[in-house]
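J.: Structure in structure tokens, see below.
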């Protein structure tokens, strides 16, 4: 797997329009804004064996900031794709660099949704623990442990669940 910048990806794809660009964000994130020419294959529902490209073709993979695209790139390599390119900085960097994008209805990023949900659950647990029953603190501890696990493993169960919510679908 190769890591390249958004401008390098843009230049390579400008020279060879046959290079596919796969956006692995949720359909809602994709509809909000995506690199011009990107095709959406959401990470949470991606079936690598159904990727419609030859395993030898150069494929560029992009997400919001580079984390999900790195995971998908590794998955693709694990099943035999030999020319996977991860785009560092993702769609955020692509847009910031002034590269062409398609914009639609604005939505909240998955990362932001996870922060709001986790923070809300911690606050609810603390309030229940303080004013209703001390067992409420367990909710806050559980969410805190989940956040530590997510940080250590770079896998977020809450993010996976939130990505499947109706508002994150096209």
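J.: Rounded to the nearest 10 degrees, what's the angle between the helix 6-15 long axis and the longest principal axis of the chain, both from Cα atoms, 0 to 90?
T.: 30
J.: Using only the alpha-carbon atoms, how far is helix 67-78 inclined from the longest principal axis of the chain? Give it as 0 to 90 degrees, nearest 10.
T.: For 67-78 against the chain, the angle is about 60 degrees.
J.: Calculate for the chain the 222 nm mean residue ellipticity that helices alone would give, adding -39,500 (n - 2.57) per DSSP H run of length 4 or more and normalising by residue count, nearest 500 deg cm²/dmol.
T.: -14500 deg cm²/dmol
J.: Separate question: Gaussian network model of the chain, Cα springs within a sub-10 Å range: biggest mean-square fluctuation belongs to which of 49, 77, 88?
T.: Looking only at 49, 77, 88, the largest GNM fluctuation is found for 49.
J.: What is the helix-to-structure angle for 110-131, meaning the angle in degrees between its Cα long axis and the longest Cα principal axis of the chain, kept from 0 to 90 and rounded to the nearest 10?
T.: Approximately 10 degrees, to the nearest 10.
J.: Given axes a ≥ b ≥ c from the Cα gyration tensor, I'd like to know whether the chain is rounded (a/c under 1.5), prolate (a/b larger than b/c) or oblate.
T.: Prolate, because a/c is 1.5 or more and a/b exceeds b/c.
J.: Taking only Cα atoms and a 10 Å spring cutoff, compute GNM fluctuations for the chain and point out the largest among 59, 87, 51.
T.: 51
J.: What's the Kirkwood radius of region 2-103 in Å, using all Cα pairs?
T.: This gives a value of 13.2 Å.
J.: Using only the alpha-carbon atoms, what does region 117-170 span along each of its principal axes? Please give whole angstrom values in decreasing order.
T.: Over region 117-170, Cα extents along the principal axes are 40, 27, 12 Å.
J.: Take the chain, connect every pair of alpha-carbon atoms lying under 10 Å apart with a spring to form a Gaussian network, then pick out the residue of 15, 64, 47 with the largest mean-square fluctuation.
T.: Comparing 15, 64, 47 in a Gaussian network model of the chain, the most mobile one is 15.
Each value in this text was obtained by applying a stated rule to the coordinates, not by laboratory testing. This structure is a prediction, so every number in the text was calculated from the model and none was measured.
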